[in-house]
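The values are calculated or read from the model by the stated rules, or taken from the named source; none is laboratory data. Not measured: the values here are computed from a predicted model. Glycine gets a Cβ as well: all are built from the backbone with ideal geometry, and neighbour counts include every protein chain shown. Heavy atoms of the whole protein, side chains included, go into the accessibility calculation; ligands, DNA and RNA do not. Shrake-Rupley method; radii C 1.70, N 1.55, O 1.52, S 1.80 Å.
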Amino acid sequence: METLTSPRRAAYAGPTCPQCGTRYREPLPDRGRVLCSCEQRYEVALFHPRPMTSAPAQAVAPGSAPCARHAHNAAVASCEHCGAFMCSLCRIDVEGAGVCAACFERLSASGTLASARVGFRNYNGIAWMLAVVGLVPFFGVLLGPLAVLAALKGRQQERKLGESMGRRRALVALVLGTLEFFGAAVTWFALVSGAMS
Amino acid sequence: MADRRTLLGREFRLAGRTYVFLTADAVEVDDIDGFDVVRTRVLLDDVMQLSLHKRPPWGLFWTVLLVMTFILLVVGLFPANRGFVLRFLLPVFALSLAANVMRVVFGVHYVTVFGRRSKARMAFYMRGRKARAVFDLLVERVTQRQAPPSESSAGDQPLAVS
């Protein structure tokens with residue numbers, strides 16, 4: 001699975017077999033079935049997206065406002081975050097709003113922009129793992145509170161970033177972690193009391 | 001707050017698991033490696049290829065068969081375990097083998113999304129109709145998204161200063 005962190009992610013070079021990765025060199029129809037040399041038969045839908053181009057900036061004319069960063073370009077919008085005028089080169093459309101480059105960097109660095117987020121820690125998954133391992137006898141006295149802490153951290157992440165992955169597991173981990181802690185604490189106490197008496 | 005998104009499918013591997021979501025303008029892939037989530041977005045505007053294929057999970061089949069055989073041999077070596085093997089292990093392994101054979105017969109359907117520089121894959125075990133529905137949905141959404149803009153749409157107009 002290729003991700004943004006993988007080195008040398010090659011650009012798409014043409015119709016590719018999804019199983020063996022072999023590029024199909026002969027032209028294919030946009031919709032159809034293909035038999036690859038690896039004996040894999042697959043159905044393919046090809047697309048031809050428009051090349052990525054940015055609209056050329058217009059020169060500032062009398063009566064029009066100039067861009068805040070490019071004094072010779074006419075402003076076509078104002079940033080919906082800071083209000084600065086921006087030309088078509090500066091404008092970045094993200095999540096239905098037009099923002100300037102500086103605001104985009106600031107918002108993506110703070111994690112506010114969901115579409116710019118490239119990674120985060122799965123605290124709900126950590127809470128679940130701690131709660132499950134805490135079921136082992138006597139481990140719960142330590143892992144139970146940790147599971148509760150991780151679940152609360154996940155809840156905080158959900159409120160801040162809107163990431164709700166594993167919410168149900170986190171809730172179960174919260175309850176389980178609490179029970180494990182008290183169960184293990186009572187067991188330890190009973191053992192120690194029994195040994196002392 | 002994160003955009004509303006629909007879970008399309010997932011794929012589980014030894015190295016981690018992948019969840020694929022569809023949002024209004026992109027296919028989002030959450031690759032979970034341990035406890036870190038790496039998110040990749042393939043914009044619908046940038047989708048180059050969608051593919052659908054089916055493959056029997058022979059790797060999983062042979063792995064499960066070998067593991068079951070090994071456990072049976074090791075446990076069955078001791079005469080004291082014969083009862084346990086006959087009453088418990090054999091029925092469990094028989095069920096597991098039957099499930100394995102069914103997986104091979106029905107196969108695993110894969111839907112793959114190719115972007116300009118990224119790829120997302122979803123696996124559907126014994127759910128061919130769901131895979132077909134997801135494939136058709138993606139084809140429809142990408143086609144709509146990549147449709148040429150109408151000629152009457154105007155470009156950005158300069159802001160007038162009063």
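Centroid-to-centroid, using Cα positions, the stretch B:1-56 and the stretch A:121-197 are 30 Å apart.
Distant-in-sequence amide contacts of B:R127, defined by a placed amide H-H separation under 5 Å and a gap of 5 or more residues or a different chain, comprise B:H109. Helices assigned as whole DSSP H runs in chain A whose Cα atoms extend at least 20 Å along their own long axis and whose mean Kyte-Doolittle hydropathy is 1.0 or higher are found at A:167-196. At a probe radius of 1.4 angstrom, the accessible area of the stretch B:30-149 per residue rounds to 55 square angstrom.
For chain B, modelled as a GNM whose springs connect Cα atoms under 10 angstrom apart, the maximal fluctuation among B:G107, B:G115, B:G76 occurs at B:G76. Of the residues B:P57, B:F84, B:V139, the one whose Cα sits farthest towards the positive end of the charge dipole of the stretch B:52-158 is B:F84 (charges of +1 on Lys and Arg Cβ, -1 on Asp and Glu Cβ, taken about the Cα centre). Quote the FRET efficiency, to the nearest 0.05, computed for A:L179 versus B:R55 with a Förster distance R0 of 51 Å and r equal to the Cβ-Cβ distance. Taking R0 as 51 Å, the efficiency between A:L179 and B:R55 is 0.70. Relative protection proxy for A:135-145, B:55-65, from highest mean packing down: A:135-145, B:55-65 (other beta-carbon atoms within 10 angstrom).
Our summary gives the stretch B:1-144 a relative contact order of 26 percent, counting only alpha carbon pairs under 8 angstrom and 6 or more residues apart.
Accessible surface computed residue by residue for the stretch A:127-197, with neighbouring protein chains in place and a 1.4 Å probe, gives 65 Å² per residue. Between A:F104, A:F85, A:F47, the GNM of chain A built on Cα springs shorter than 10 angstrom shows A:F47 fluctuating the most.
Using a ≥ b ≥ c from the Cα gyration tensor of chain B (square roots of the eigenvalues), is it rounded, prolate or oblate, where a/c under 1.5 gives rounded and otherwise the larger of a/b and b/c decides, a/b for prolate? Because a/c hits 1.5 or more and a/b exceeds b/c, chain B counts as prolate. Surface composition of the protein assembly as shown: carbon and sulfur atoms hold 62% of the protein heavy-atom accessible area at a 1.4 Å probe. For the options A:T22, A:T187, A:T178, a Gaussian network treatment of chain A with springs between C-alpha atoms closer than 10 Å singles out A:T22 as fluctuating the most. Each residue of the stretch A:25-30 was assigned a 3J(HN,Hα) from its phi angle through the Karplus expression (A = 6.51, B = -1.76, C = 1.60, θ = phi - 60°), giving 7, 7, x, 10, x, 5 Hz with x at Gly and Pro. For A:G119, the amide hydrogen comes within under 5 Å of the amide hydrogens of B:R39, counting only partners 5 or more places away or on other chains and with H modelled in the peptide plane. By definition, a body whose alpha carbon gyration tensor gives a ≥ b ≥ c is oblate when a/c is 1.5 or more and a/b is not larger than b/c, and the protein assembly as shown fits this oblate description. Normalising the Debye intensity of the stretch A:39-186 to I(0), with uniform scatterers on Cα atoms only, and taking log10 at q = 0.18 Å⁻¹ returns -0.95. Rounded to the nearest 0.05, what FRET efficiency do A:T112 and B:L90 give with R0 = 51 Å and r taken as the Cβ-Cβ distance? Could you check? After rounding to 0.05, the efficiency reads 0.35. Interface of A with B. Using a 1.4 Å probe and counting protein heavy atoms only, the two chains hide about 4600 Å² of accessible surface, both sides summed.
Counting Cβ atoms of other protein chains within 10 Å of each Cβ in A:119-131 and taking the mean gives 3.
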